[in-house]
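The values are calculated or read from the model by the stated rules, or taken from the named source; none is laboratory data. What you see is a predicted model, and the numbers here were worked out from it, not measured in a lab. Because the Cβ atoms are built from the backbone with ideal geometry, glycine has one as well, and the counts that use them run over all protein chains shown. Only protein heavy atoms, including side chains, enter the accessible area calculation; ligands, DNA and RNA are left aside. Shrake-Rupley method; radii C 1.70, N 1.55, O 1.52, S 1.80 Å.
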Protein chains: 2
Amino acid sequence: MACKFCEIAAGKEKQRVFAENAHAAALLDYRPIVPGHSLVIPKKHYESIAQIPTAELHAIFALVGDVEKAVMGATGAQGVDLQQHFRPFIPEGELKVNHLHFHILPRKPYDELFEKMEAVTAMRARPKPGELEAMAKKIKTAMDKG
Amino acid sequence: MACKFCEIAAGKEKQRVFAENAHAAALLDYRPIVPGHSLVIPKKHYESIAQIPTAELHAIFALVGDVEKAVMGATGAQGVDLQQHFRPFIPEGELKVNHLHFHILPRKPYDELFEKMEAVTAMRARPKPGELEAMAKKIKTAMDKG
């Protein structure tokens with residue numbers, strides 16, 4: 001299957017692409033969670049952040065900063081969320097594209113997304129003494145292994 | 001009020017900090033949504049991505065890549081989510097710190113977070129013809145204004 005975002009980077013679906021630079025493009029998500037829901041993608045096909053060469057990562061984040069500001073301006077939002085998901089276990093489909101993309105979601109006080117996220121906020125645990133310390137050691141060991 | 005993450009960057013709460021480089025530090029969220037829920041913060045106090053000087057942004061993302069890999073290794077997760085929220089309208093408190101931070105959430109197939117996010121997935125609209133094009137024009141105009 002052709003990669004949808006590689007095709008967009010190559011010039012397809014121009015009507016929903018609103019900005020680009022040497023290494024990144026910005027477009028509207030075609031199934032927006034909120035109006036103005038945008039995506040910033042590398043022009044080349046990568047699937048995780050660690051794969052992206054430094055110069056391209058810089059270009060992506062330069063565009064992310066500008067897009068966040070413009071999306072807030074265009075929608076009258078006072079806040080913005082940035083999200084990027086690496087979930088190789090979900091098969092590609094209408095709502096899943098492997099080509100790495102950053103979601104940019106304009107946010108307003110007490111918007112519908114806030115309400116829906118209350119179930120996630122309720123998941124926040126209160127770890128017992130020592131639990132975080134034990135997890136920190138485990139991650140540190142994994143980092144040292146590289 | 002002293003900034004909690006400025007204090008951590010200065011060496012407080014060492015037991016939940018598990019990695020750092022010249023400009024960024026990685027620590028465990030003290031109210032984790034899932035076990036291994038980590039944060040990557042700039043050592044200096046910034047509140048939005050656009051404020052961060054390029055060299056510091058690079059250091060942050062170098063650490064994000066390493067932390068994602070280590071957190072997946074330590075928790076046995078096959079996926080990872082990256083999130084960053086700019087919501088100046090929410091007052092600082094137990095679950096809100098203004099000092100910019102990237103959340104890193106290890107993800108597994110059909111985990112509890114997936115289940116809770118189904119309500120958000122259900123929000124995804126199917127825009128009418130022309131709607132995305134009109135929004136793209138609006139954002140483009142906002143970008144041109146800078």
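For B:Asp144, which inter-copy label distances result when the label point lies 7 Å beyond Cα on the Cα-to-Cβ vector, reported in nm to one decimal and in ascending order?
5.7
Among the trypsin sites (Lys or Arg not before Pro) within the stretch B:4-33, which fall in a DSSP loop and have no more than 16 other Cβ atoms within 10 Å of their own Cβ? List each step's numbers first, then the result.
Details: sites: B:Lys4, B:Lys12, B:Lys14, B:Arg16; in loops: B:Lys12.
When the trypsin sites (Lys or Arg not before Pro) of the stretch B:4-33 are filtered for loop state and at most 16 Cβ neighbours within 10 Å, B:Lys12 remain.
Using a 1.4 Å probe on the protein heavy atoms, what percent of the accessible area of the protein assembly as shown belongs to carbon and sulfur?
Heavy-atom surface of the protein assembly as shown belonging to carbon and sulfur, 1.4 Å probe: 56 percent.
Hey, what's the stretch B:1-133 come to in accessible area per residue, 1.4 Å probe, Å²?
45
Longest segment of chain B with no chymotrypsin sites (Phe, Trp or Tyr not before Pro) in a DSSP loop having at most 12 other Cβ atoms within 10 Å? Let's see the in-between values first.
On the way: sites that count: B:Phe89, B:Tyr110.
Excluding the exposed sites themselves, the longest stretch runs over B:1-88.
Report the residues of the stretch B:119-133 in range of a label on A:Ile90: point 7 Å along Cα→C-beta, backbone N strictly under 16 Å from it.
B:119-125
How would you classify the stretch B:1-49 from its alpha-carbon gyration tensor, with a ≥ b ≥ c the square roots of the eigenvalues: rounded for a/c under 1.5, else prolate if a/b is greater than b/c, otherwise oblate? Don't skip to the answer; put the middle values down first.
Values: a/c = 1.44, a/b = 1.39, b/c = 1.03.
Here the stretch B:1-49 falls in the rounded category.
Using Cα-Cα distances under 8 Å and only pairs 6 or more residues apart, what relative contact order does chain A have, in percent?
Answer for chain A is 23 percent.
Where the label is 7 Å out from Cα toward Cβ, how close does A:Ala55 come to the same position in every other copy, in nm, shortest first?
Those separations, rounded to one decimal, come out as 2.0 nm.
List the residues of the stretch A:80-113 whose backbone N lies under 19 Å from a point placed 7 Å from the Cα of A:Glu7 along the Cα-to-Cβ direction.
Residues A:91-101 fall inside that zone.
Nearest beta-carbon of A to the rotation axis carrying it onto B: which residue, how many whole Å?
Taking the axis that maps A onto B, the answer comes out as A:Gln83, 3.
Shielding by partners for A:4-16, please: the mean number of other protein chain Cβ atoms within 10 Å of each residue's Cβ.
The mean count of partner-chain Cβ atoms within 10 Å per residue comes to 1.
In degrees, nearest 10, range 0 to 90: what is the angle between the Cα axis of helix A:131-145 and the longest Cα principal axis of chain A?
60
Once you sort the root eigenvalues of the Cα gyration tensor of the stretch A:38-85 as a ≥ b ≥ c, which label holds: rounded (a/c under 1.5), prolate (a/b larger than b/c) or oblate (the other case)?
Values: a/c = 2.84, a/b = 2.15, b/c = 1.32.
Note, shape of the stretch A:38-85 comes out prolate.
Nearest 100 Å² is fine: how much accessible area is buried between B and A, summed over both sides, with a 1.4 Å probe?
Numbers: alone 10080 and 10050 Å², together 13880 Å².
That pair hides around 6300 Å² of surface in total.
Just need the relative contact order of the stretch B:73-138 here, percent rounded to a whole number, with Cα pairs under 8 Å and 6+ apart.
On the way: 38 pairs, mean separation 22.2, N = 66.
Over the stretch B:73-138, the number comes to 34 percent.
Taking a point 7 Å out from Cα toward Cβ as the label site, list the nm distances between B:Phe114 and the same residue in every other copy, smallest first.
3.0
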